[in-house]
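The values are calculated or read from the model by the stated rules, or taken from the named source; none is laboratory data. Owing to the predicted nature of the structure, the values given are computational and were not obtained by experimental measurement. Counting neighbours? That spans all protein chains shown, and the Cβs are built from the backbone with ideal geometry, glycine included. SASA here: full protein model, heavy atoms, side chains in, ligands and nucleic acids out. Shrake-Rupley method; radii C 1.70, N 1.55, O 1.52, S 1.80 Å.
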Amino acid sequence: MLIPFLFKLTLPLASGIALSSCGTLPEANLGNAEGSQTSPEPTNSVEIVQANQPEIKAVPVIDGLEHPWGMAWLPNGDILITERPGRLRIVRDGILEPEAIAGVVAVSTVSAQQLFASQQGGLLDIALHPRFAENRFVYFTYSHGTQQANRTRVARAVFDGEKLTDWQVIFEVGQTKPGGQHFGSRLTWLPDETLLVSIGDGGNPPVELEGDFIRQQAQNRASHLGKIIRINDDGTVPADNPFRNDPKAAPEVWSYGHRNIQGLAYDPVTEQVWATEHGSRGGDELNLIQKGKNYGWPVVSLSKEYSTGQPVAPVTSRPDMVDPVQVWTPAIAPSGLAIYNGDRHPEWQGSIFAGGLVDRGIRHLRLDENNQIIDETTISIGQRVRDVRQGPDGHVYVLTDQNNGQLLRLES
């Protein structure tokens, strides 16, 4: 496994948004990446001011969102935004409507039949069907169950422009787990109209399942935990899934050995799938996802245990497992991922934008034709970044994970 270069260039901009070029830094601020409200302080940085750098502005679009998680654009330009406590909001003509969209599954922390909104759980990602204009289907991920037994679900509903109807669960994780950690939950469509869904490993030690730490389920192909799964738009299993005919594997599994993917995106130009996932006390990863491959967690990792600071895994690389393209230590707590292919910013073509919760910024990475990183810069947002998407207008949009969360637009 190659460890990236160890230096940082900080470029103060007139707008107050700090743009920096950085690789993996020595470990610092090793709290729970997903739950931490503080940003890591990088060390061994070299302050260098460079001329002729484009100014990048984070322009507020709306505020007043309570812990927003995902967003999707309707054909008319309106934006649907999920809020983790269990609400679906809509932005019409640049204005956030005060009332939530009706028809979302009810919220409860005690009823096993309703949405479980606690800790990292709640109403999570959202995606429109590729033929939404014809069928009006909107897809959601959410946590379901109780504190003692919960799981990630995928549902779809019909949106008529005012409300949701016909809420239908099309997939759920086959195992229940306790606690409120690691639901994964990003949604990404492939060109064949199959749907990729990231599923977390279930949580940190001491959370257990079947007599072992639950994170070991990431290596169990019969389990949905710690996987990317692939389903048809009605929840059935595609005939060409890699383990469809393996009696020892769940047929929905597309890739495995993941901890908690909260950034997932398809690049239509290169026809590749990218993912960012949380490490444990460092070791966050950017991965190029390949059908049927093992990404190592928790038997191969650069992460460390929260409790002891010792390595989670005995090795950092194995020939039968896929190495990450990039590793971030200290943790950035990655969430939200976009591959830019718009016309508004031609200088960003093919770039990766990866949000960070603890980092409170966005990593902007440029890659060469061999998927090697040739440049990485950080756009400092100053708030926990939950989602990053390219809008139909060619801008990059950002959701911040706050009690008073914002929708921001990046401009240069």
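Table for the structure above
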| quantity | calculated |
| --- | --- |
| Hits in segment 141-152 (condition: assigned to a strand (DSSP E or B) and open to solvent by less than 30 Å² (accessible area, probe 1.4 Å)) | T141, Y142, S143, H144, G145, N150, T152 |
| A155 vs. criteria touching a Leu at 6+ places or on another chain (Cβ under 7 Å), assigned to a strand (DSSP E or B) and buried (at least 17 other Cβ atoms within 10 Å of the Cβ) | no |
| Of residues in segment 117-140 being in a loop (DSSP other than H, G, I, E, B) and without any contact (Cβ under 8 Å) to a residue 40 or more places away in the chain, the one surrounded by the fewest Cβ atoms within 10 Å (Cβ to Cβ) | R136 |
| Q310 surrounded by fewer than 19 Cβ atoms within 10 Å (Cβ to Cβ), farther than 30 Å from E252 by Cβ, of a type outside the set (V, I, T) and out of contact with any Pro (no Cβ under 7 Å at 6 or more places or on another chain) | yes |
| Conditions (1) within 17 Å of L187 (Cβ to Cβ); (2) touching a Pro at 6+ places or on another chain (Cβ under 7 Å): number failed by E252 | (2) |
| Unmet criterion (only one of (1) of a type in the set (S, T, N, Q); (2) at pLDDT 95 or above; (3) open to solvent by 40 Å² or more (accessible area, probe 1.4 Å)) for T82 | (3) |
| Subset of segment 74-116 (residues that are of a type in the set (A, V, I, L, M), free of Cβ contacts under 8 Å to residues at least 40 places away in the same chain and touching a Ser or Thr at 6+ places or on another chain (Cβ under 9 Å)) | V110, A112, L115 |
| In segment 161-218, the residues that are of a type in the set (K, R) and open to solvent by 10 Å² or more (accessible area, probe 1.4 Å) | K163, R215 |
| Criterion (open to solvent by less than 10 Å² (accessible area, probe 1.4 Å) and assigned to a loop (DSSP other than H, G, I, E, B)) met by exactly one of I332, I362 | I332 |
| Test: residue in segment 387-394 that is part of a loop (DSSP other than H, G, I, E, B), closer than 18 Å to I126 by Cβ, in contact (Cβ under 8 Å) with a residue 40 or more places away in the chain and among the small types (G, A, S) | yes |
| Some residue of segment 238-252 being open to solvent by less than 20 Å² (accessible area, probe 1.4 Å) and either in a strand (DSSP E or B) or under 27 Å from D401 (Cβ atoms) (or both) | no |
| Unique match (being out of contact with any helix residue (DSSP H, G or I) (no Cβ under 6 Å at 6 or more places or on another chain), modelled with pLDDT of 95 or more and surrounded by 12 or more Cβ atoms within 10 Å (Cβ to Cβ)) among I90, I56, I95 | I90 |
| W348 vs. criteria more than 21 Å from G200 (Cβ to Cβ) and either open to solvent by 40 Å² or more (accessible area, probe 1.4 Å) or among the hydrophobic types (A, V, I, L, M, F, W, C) (or both) | yes |
| Segment 133-149 - residue that is farther than 17 Å from G235 by Cβ and of a type outside the set (S, T, Y) and, of those, farthest from the chain's Cα centre (by Cα) | E134 |
| Scan of segment 365-386 for residues that are within 18 Å of I332 (Cβ to Cβ), among the acidic types (D, E) and either open to solvent by 10 Å² or more (accessible area, probe 1.4 Å) or in a loop (DSSP other than H, G, I, E, B) (or both), ordered by number | D375 |
| Residue among S198, S185 that is in contact with a Leu (Cβ under 9 Å, 6 or more places away or on another chain) and assigned to a strand (DSSP E or B) | S198 |
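Per-residue answers, yes or no, for (1) at pLDDT 95 or above; (2) open to solvent by 30 Å² or more (accessible area, probe 1.4 Å); (3) within 30 Å of Q310 (Cα to Cα):
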site: I17; (1), (2), (3): no, no, no
site: P42; (1), (2), (3): no, yes, yes
site: G64; (1), (2), (3): yes, yes, no
site: G86; (1), (2), (3): yes, no, no
site: A100; (1), (2), (3): yes, yes, no
